[in-house]
1. With the condition kept exactly as written, say whether any residue in segment 97-120 is over 16 Å from Leu171 (Cα atoms) and in contact with a Gly (Cβ under 6 Å, 6 or more places away or on another chain).
2. Looking at (1) surrounded by fewer than 22 Cβ atoms within 10 Å (Cβ to Cβ); (2) touching a residue at least 24 places away in the same chain (Cβ under 8 Å); (3) aromatic (Phe, Trp, Tyr), which is the one condition that is false for Phe197?
3. Scan segment 18-46 for residues that are surrounded by fewer than 20 Cβ atoms within 10 Å (Cβ to Cβ) and closer than 30 Å to Arg96 by Cβ and report the count.
4. Residue check: is Val236 β-branched (Val, Ile, Thr), in contact (Cβ under 8 Å) with a residue 40 or more places away in the chain and within 26 Å of Leu6 (Cα to Cα)?
5. How many of the residues making up segment 88-119 are closer than 15 Å to Glu9 by Cβ and part of a helix (DSSP H, G or I)?
6. Checking the conditions here, which among Leu105, Leu80 is in contact with a His (Cβ under 8 Å, 6 or more places away or on another chain), of a type in the set (A, V, I, L, M, F, W, C) and either surrounded by 13 or more Cβ atoms within 10 Å (Cβ to Cβ) or on the phi > 0 side of the Ramachandran plot (or both)?
7. Keeping to segment 6-40, report how many residues are charged (D, E, K, R) and free of Cβ contacts under 8 Å to residues at least 24 places away in the same chain.
8. Could you tell me whether Gly202 is on the phi > 0 side of the Ramachandran plot, surrounded by fewer than 17 Cβ atoms within 10 Å (Cβ to Cβ) and modelled with pLDDT of 95 or more?
Amino acid sequence: MKIGDLDVEIVSGGAFKLDGGGMFGVVPRPLWSRSFTPDDLGRIQLDTNCLLVRTGDELVLVDTGNGSKMGEKERGIFDLAAGDPLLQNLAQRGVRPEAVTVVLLTHLHMDHAGGASRVSGDLVVPSFPNAEVVVQRQEWEDALHNHSHMRTSYRLENLRPLQESGRLRLLDGDAEVAPGVSVQVTGGHTRAHQAVFVRGGGQTLFYPADICPTAAHLRPAYNMGYDMAPYETMTVKAELLDRAVREEWLVVFDHDPSAGPVRVVREGEQLRAVPA
């Protein structure tokens, strides 16, 4: 995609599966299963759609997927493919890890921050050695202290390599991270969860991350059971999606297996995603 002078690609950090009930919270299975067919274990197929943004001299990677550090048992639980899908998919595009200058993390749950580091011999090292890693300070503190009702989603093995790299940049609120790339703290999913905006040439691409992870989550009450503040998710999602409709933003959902960009349109009282 071209957003003004910025080049944007969607790069998969790898497919995985999560419990369908967890992904839709209070929504009954007969309703959410119209959008996602669960397997025999109740899991639904998801993806980790990362953004790669070329802006000026910066190459910005937004989120990193689960990575390759999980053991065999967990890989089976989440149905993760072998290897490191993010690095493999970047390589297919001719992108070397050393070329990435900014890794922007919407939050630090394992399916967003896991791919920011990898195993090298006996060590765990940053996957993108020349990149500044950008995240909200509140999110970083919450992750270090495991301030979450999901006790295994914040993982020290994902955090330590970033901390020890000396390339961690902690934000205190909304900010521009690189030319044309900015973040807005939304809360809801985590206390300092942030959405990402790419702007240029009068266009806006909106990456809502986990306040609206798939096109099936456009309805107000369709929120994840993993959200720390579900009502906050619902209200901020409604506000941002209303702007997306009015201002004709492009939208990329972080976990939708149909990875392509969409526009959100209003049909009566409902919102619908239309391929862009």
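1. The answer is yes; a qualifying residue exists.
2. Exception for Phe197: condition (2).
3. Qualifying residue count for the region: 1.
4. Criteria not met by Val236.
5. So the answer is 6.
6. Residue meeting the stated conditions: Leu105.
7. 4
8. yes
The values are calculated or read from the model by the stated rules, or taken from the named source; none is laboratory data. Everything numeric here is computed off the predicted structure, so don't read it as measured data. Methodologically, a virtual Cβ is constructed for each residue, glycine included, from the backbone with ideal geometry; neighbour enumeration extends over all protein chains shown.
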